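For reference, the structure is listed below as structure tokens.
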Amino acid sequence: MIDPDLKYCPQCNDEYRAEIEKCAACSIDLITGRQKIEMAEAASKKLASRVRDISPDDDLVALRRGPLSDMRHLASLLNGENIGTLLAGDENTCGKGCCPTVYTLLVKRDDGMESLHIIEEEHRRTTGLEEYHHPDPDAIFNPDAGEACCPACGHSFPTSETTCPDCGLSFG
């Protein structure tokens, strides 16, 4: 339960008395309980407004490639946020075309950035990298910069590539 008269850290969600200004753990400015409630309501409205169904006319982008179990996990995570996903098998080992071993996770282009943020947060949560804080997550892939840092695995790579060579996260 969020108390509108207290303050909260927007990163770690720790709760503070109203007179405290900075989070002791994250060293960032706190927000009021009212602001936190407004943010939660806005997030809830955004979630409810998404259309999860994917149609043949949708403009899809590849987010990540990997084994079916990994891609199913990420698809489930995104579906929980009401983001529609499509898994496409694109390589096979049997030679008959029936046994894809690598799958591509696709989402609507409009959901691409939000999907990347969700995958990044999941990676932080499951790898213990929650302490890592990128100063500007929207500036992670700037094609005009010479180098990019993958939000999912932290690997640096040249921006002439639109897919992280370490984990397969796609920025194209």
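The values are calculated or read from the model by the stated rules, or taken from the named source; none is laboratory data. Please read all numbers here as calculations on a predicted model, not as lab measurements. Cβ atoms come from the backbone with ideal geometry, glycine included; neighbour counts cover every protein chain shown. The accessibility values were calculated without ligands, DNA or RNA, using every heavy atom of the protein model including side chains. Shrake-Rupley method; radii C 1.70, N 1.55, O 1.52, S 1.80 Å.
Here are the numbers for the structure shown:
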| read-out | value |
| --- | --- |
| Gain on full stretching of the segment that runs from SER69 to SER27 - 0.36 nm per residue minus C-alpha separation | 11.4 nm |
| Accessible area of HIS123 in the full protein assembly, 1.4 Å probe (Å², nearest 10) | 50 |
| Excluding exposed DSSP-loop GluC sites (Glu not before Pro) (at most 14 other C-beta within 10 Å), longest clean stretch of the chain | 22-129 |
| Charge context of LYS7, other residues only, Cβ under 11 angstrom, K/R +1, D/E -1 | -3 |
| Rg and Dmax of the chain, Cα atoms only, in Å | 18.8, 67 |
| Straight-distance crosslink candidates among lysines, where the alpha carbon sits under 17 Å from LYS7 and sequence neighbours closer than 8 are dropped | LYS22, LYS36 |
| Amide proton proximity set for ALA148, modelled H, under 5 Å, gap of 5+ | PHE157, THR159 |
| Eligible lysines near LYS108 by straight Cα distance, threshold 27 Å, same-chain separation 8 or greater | LYS45, LYS46 |
| Student exercise, the chain dipole from Lys, Arg, Asp, Glu Cβ charges, in Debye to nearest 20 | 500 |
| FRET efficiency for ASP110 and GLU161, using Cβ-Cβ distance with R0 set to 22 Å, rounded to 0.05 | 0.40 |
| Cut-off under 5 Å, modelled amide H: who pairs with GLY89 long-range | THR104 |
| Separation in nanometres of the label points that stand 7 Å from Cα toward Cβ, at ALA48 and LEU86 | 2.9 |
| Debye log10 I(q)/I(0) at q = 0.19, 0.26 Å⁻¹ for the stretch 1-78, Cα point scatterers | -0.85, -1.14 |
| FRET efficiency for SER55 and THR127, using Cβ-Cβ distance with R0 set to 45 Å, rounded to 0.05 | 0.85 |
| Residue-span extension gain [ASP3 to ALA18] - 0.36 nm each, minus C-alpha spacing | 4.4 nm |
